[in-house]
Structures are given as C-alpha cells and as structure tokens.
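Here the structure comes first, spelled out in structure tokens, and everything after it is commentary.
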Amino acid sequence: MAQGDHPAAAALAERAAEAQKATWGSVAVNLLMTVAQLVVGWLAHSQSLVAHGLHSFSDLLSDFLVIYASRQSAHPADEAHPYGHARMETGATLVLGASLALIGGGILWESGMRLQHIDALPVVELSALWVAIATVISKEGLYRYLIRVAERQRSQLLTANALHTRADAASALVVVVGIGGALLGWSFLDLLAAALMGFMILRMGAELSWGAFRELIDTGLDAAQVDAIRRTLVATPGVLGLHQLRTRRMAHQALVDAHVQVDARISVSEGHRIAESARARVLREHTEVLDVLVHIDPEDDRDPGFVIPRLPSRDVLLRDLQPLLADLPAPEKIVLHYLDGKVEVEVFLGHAFFENGEALRLAEEGIAERLRGHAVVRSISLNCMIAPK
C-alpha cells in the first residue's frame, strides 16, 4: 500500500479538509462583520462597536492561524517528527490565546481612559445598534456551526476558535445593550460595554493560553481517563499488575507509557505478545489515544533497592558458570532469570545425558556443592531438551 493511500493518512487529510472548510466559512463572516463594525462604528461614534470590530479583526487573524495549523498538523509522521505534527495545533492555540489576552487588555485600557472624559464624547447614532444586532446573530450562527465540526474532530484548536466566536457573540450582545443605553441618553454605557468586552476577551485568551501551555509541558490526562486506561491494561490476559502509567496530550489525542508486570519465567516472545495485546486493547477501546508504549517487567522496579541493573551481564555470568557446570556436557541452551536481586539459571541438555542416572546424580550433587553461598547465582536447574525426530 502506498504511503498516500494509508487509511491514517487519508483520515488526516479528510480531517484537515473539513477543518479548513469550516474555517474559510468563519473567514467570510468575520471579514464582513469586521468591515461593517469598523466603518459604521466610526461613522456612528460608537466606541464599543469599534472595539468589537477590532475583536472581529482578531477573529480574522485567528482564522488564518487555524488554516495554517490544520494544514501543518495533517502532515503524517516523518523522521524529524516521529509523533506527527499534531502539536502545531497546540502552538497555534497558545499564540491565539496570547493575542486575545493582549487585545482584550488594550480594549480595557482604552475604554478606561475614555471614561475619564465622558463629556467630550459625541452622540451615538442608531445605525450602530442595527450593526451590533446583526453581529450577535451572525456570530452565534457561526459558533453553532464551528462547534459541531470541532466536536466531531475532537480538535482543541477548532474548539478554541468556536469558543472565541461564541465569546464574540456574547460581547456583541453587551455592545447592543451599551449602544441602546447610549441612545437613551446614558453615554457612559457605550464605554462600559467596551470595557466589559475587553475584560471578557482578556479572560478567554488567558484560559486558552494556559490550556495550551499545560499541554506543551506534558500535563497528563484527567484522573477519570487515566483510571479507564489502567483498567484496560490490567484486564489484558497475561498482565499481572501495572505499576507505572504515564500520559500526555498531543493536540486532540494522547500518548501513553505503561509498565506492566508479567510472569517472570515466560519467554521474551510471549512477553512481547502480551505487550502488543495490551497496546491493541487500549487503542481499540480509547479512541483518543494515538499510541501506547508498553514496557514488560517481571517484577516491580519502583523499589529503591532494585538491583537488576547492577547484576552482571550474560557474557560475564556464562564465564562464571563454567566451573559450576564442569561435570556437564556442552549445554544446548542456557536461560537466565534475573529475579529479586539474584540469578536463576536453567540449563538445557541433550536427552542422552538424562538416560545415565548416576551421571545425572553426581552432576547435580557437584553443582549443589559448588553453588553453596554463591554471590549472584541462586539456583541451577537441569532440563532435558527434546526435539522432534
């Protein structure tokens, strides 16, 4: 199968296409409302409508940021980015949140300065009210469309953009009230509406930035998600325990690392099969998980006294075992078990050796004598290697 035809690559491309279609729709609405609010706000002397026009302009910039990030994050994994490019969405969300915080702070500051000179403010005209009402309706409709797409894709960036649009609709409603109050004679309400809108934008930007920052520093999934993944791993046949589970987010997906315990005396290949089974179960039952790394342990390596790394390697042990196995013919195979700070040795011999009972007895007695008090090797067992004839 060609790389471009891979189901994962096709799904990424389809996801990016849907995200861009939604975002281009947002661009069209924001462009129209930005021009309308800035022009009418300036002509109708409404500070809150001008401020909201600047906010809509920031929406327009964020839309282009979303388009760029969605294109980049859709690229499959490569040598430089083995986990894919999904965190482009996270970085874009951080930039978007920071820009919103700055814009909100600027609007809040400007409104506060103008409130000190209310007597010098010109009269707000009726046209500003109609544009503000049209803004509320268009932004709310756009939000409902964007949030459906974001939920379908489980995209943090699209969700951020949709919430940005909903906040814009809410702040436009505040502008409607402010302009309405100014038309009734309370001129300061227009500036109060602009100040309140600035505070809302500032707060939303700070929340988006904090969420993206937490992801970039590898904050784990919430406790409920971690517990569900833990139950799935422990329920895998062959898994005896789980003593380390780590998670981290990557845009709309998650990465999982787990240390699972298995029977200490099974083969490497059987341990690998258990690990792959555990991985497959998590990927199948938890769709938000992108990948799982399962480490197989024969015992709990969280113990501060864990000594396996300090035990001698296989080649050193085989040299050490030569005098212990002096009474035996050349082994067919030697299996080492590193357990509880010691080494247990399984020696596999040909069938002919076991037919001589006296030689077997003498060999076992000699091994037991030489093994007494050995610093590393706890036991040696002799096994018959039987192969098909």
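I'm checking my understanding of the structure. Among residues of the range 336-363 that are touching an Asp or Glu at 6+ places or on another chain (Cβ under 9 Å) and in a helix (DSSP H, G or I), which one is nearest to residue 315 (Cα to Cα)? I'd like the intermediate steps shown before the answer.
Filtering the range 336-363 for residues touching an Asp or Glu at 6+ places or on another chain (Cβ under 9 Å) gives 336-340, 347-350, 359, 362-363.
If we keep only those that are in a helix (DSSP H, G or I) as well, we get 359, 362-363.
Working: 359: 27, 362: 27, 363: 23 Å.
Looking at residues that are touching an Asp or Glu at 6+ places or on another chain (Cβ under 9 Å) and in a helix (DSSP H, G or I), I get 363.
Taking the conditions exactly as written (more than 16 Å from residue 139 (Cβ to Cβ), surrounded by fewer than 20 Cβ atoms within 10 Å (Cβ to Cβ) and either among the aromatic types (Phe, Trp, Tyr) or at pLDDT 80 or above (or both)), does residue 50 satisfy them or not? First the steps, then the outcome.
On the way: more than 16 Å from residue 139 (Cβ to Cβ): yes; surrounded by fewer than 20 Cβ atoms within 10 Å (Cβ to Cβ): no; either among the aromatic types (Phe, Trp, Tyr) or at pLDDT 80 or above (or both): yes.
Taking the combined requirement at face value, the residue does not satisfy it.
Each row is one residue, and each column tells you yes or no for (1) more than 30 Å from residue 286 (Cβ to Cβ); (2) among the charged types (D, E, K, R); (3) out of contact with any strand residue (DSSP E or B) (no Cβ under 8 Å at 6 or more places or on another chain).
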{"position": "130", "(1), (2), (3)": "yes, no, yes"}
{"position": "134", "(1), (2), (3)": "yes, no, yes"}
{"position": "137", "(1), (2), (3)": "yes, no, yes"}
{"position": "141", "(1), (2), (3)": "yes, no, yes"}
{"position": "152", "(1), (2), (3)": "no, yes, yes"}
{"position": "168", "(1), (2), (3)": "yes, yes, yes"}
{"position": "174", "(1), (2), (3)": "yes, no, yes"}
{"position": "181", "(1), (2), (3)": "yes, no, yes"}
{"position": "191", "(1), (2), (3)": "yes, no, yes"}
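Residues in the range 136-157 that are over 18 Å from residue 64 (Cα atoms), out of contact with any Leu (no Cβ under 7 Å at 6 or more places or on another chain) and part of a helix (DSSP H, G or I): 137, 138, 140, 141, 144, 148, 151, 152, 153. Filtered by the rule that a residue be buried (at least 16 other Cβ atoms within 10 Å of the Cβ) and either closer than 28 Å to residue 101 by Cβ or over 18 Å from the mean Cα position of the chain (by Cα) (or both), the range 254-265 gives 254, 259, 260, 261, 262. Answer yes if at least one residue in the range 185-198 is more than 20 Å from residue 65 (Cα to Cα) and among the hydroxyl-bearing types (Ser, Thr, Tyr), and no otherwise. Yes - at least one qualifying residue is present in the range 185-198. Of 180, 185, all but one fail to be in the same structural domain as residue 42 (by TED's automatic domain parsing) and outside any helix (DSSP H, G or I); the exception is 185. Residues in the range 312-335 that are under 14 Å from residue 374 (Cα atoms), assigned to a loop (DSSP other than H, G, I, E, B) and touching a Leu at 6+ places or on another chain (Cβ under 8 Å): 324 alone. A single member of 301, 291, 315, 297 is farther than 30 Å from residue 225 by Cβ and at pLDDT below 90, and it is 315. Considering only residues that are surrounded by fewer than 13 Cβ atoms within 10 Å (Cβ to Cβ) and within 30 Å of residue 273 (Cβ to Cβ), look in the range 193-241 and name the one that is modelled with the lowest pLDDT. So, considering only residues that are surrounded by fewer than 13 Cβ atoms within 10 Å (Cβ to Cβ) and within 30 Å of residue 273 (Cβ to Cβ), the one modelled with the lowest pLDDT is 218. The set of residues in the range 312-348 being in contact with a helix residue (DSSP H, G or I) (Cβ under 8 Å, 6 or more places away or on another chain) and more than 17 Å from residue 364 (Cβ to Cβ) consists of 312, 336, 338, 341, 343. Of 279, 230, 246, all but one fail to be among the charged types (D, E, K, R), part of a strand (DSSP E or B) and touching a strand residue (DSSP E or B) at 6+ places or on another chain (Cβ under 6 Å); the exception is 246.
Evaluating residue 209 against the criteria (1) outside any helix (DSSP H, G or I); (2) of a type in the set (Ser, Thr, Tyr); (3) in contact with a Gly (Cβ under 7 Å, 6 or more places away or on another chain) leaves one unmet condition, (1).
Confirm whether residue 268 is without any contact (Cβ under 8 Å) to a residue 40 or more places away in the chain, within 16 Å of residue 298 (Cα to Cα) and either crowded, with 20+ Cβ neighbours inside 10 Å or out of contact with any Gly (no Cβ under 6 Å at 6 or more places or on another chain) (or both).
Numbers: without any contact (Cβ under 8 Å) to a residue 40 or more places away in the chain: yes; within 16 Å of residue 298 (Cα to Cα): yes; either crowded, with 20+ Cβ neighbours inside 10 Å or out of contact with any Gly (no Cβ under 6 Å at 6 or more places or on another chain) (or both): yes.
When the stated conditions are applied, residue 268 passes them.
Among the candidates 342, 333, single out the residue that is at pLDDT 80 or above and loosely packed, with under 11 Cβ neighbours inside 10 Å. Unique residue meeting the criteria: 333.
Kindly evaluate residue 97 against the criterion of being modelled with pLDDT of 80 or more and of a type outside the set (Phe, Trp, Tyr).
Working: modelled with pLDDT of 80 or more: yes; of a type outside the set (Phe, Trp, Tyr): yes.
So residue 97 fits the description; yes.
The values are calculated or read from the model by the stated rules, or taken from the named source; none is laboratory data. As the structure is a prediction and not an experimental result, all values here were calculated from the model. All Cβ positions, even for glycine, are placed from backbone atoms using ideal geometry, and neighbour counts span all protein chains on display.
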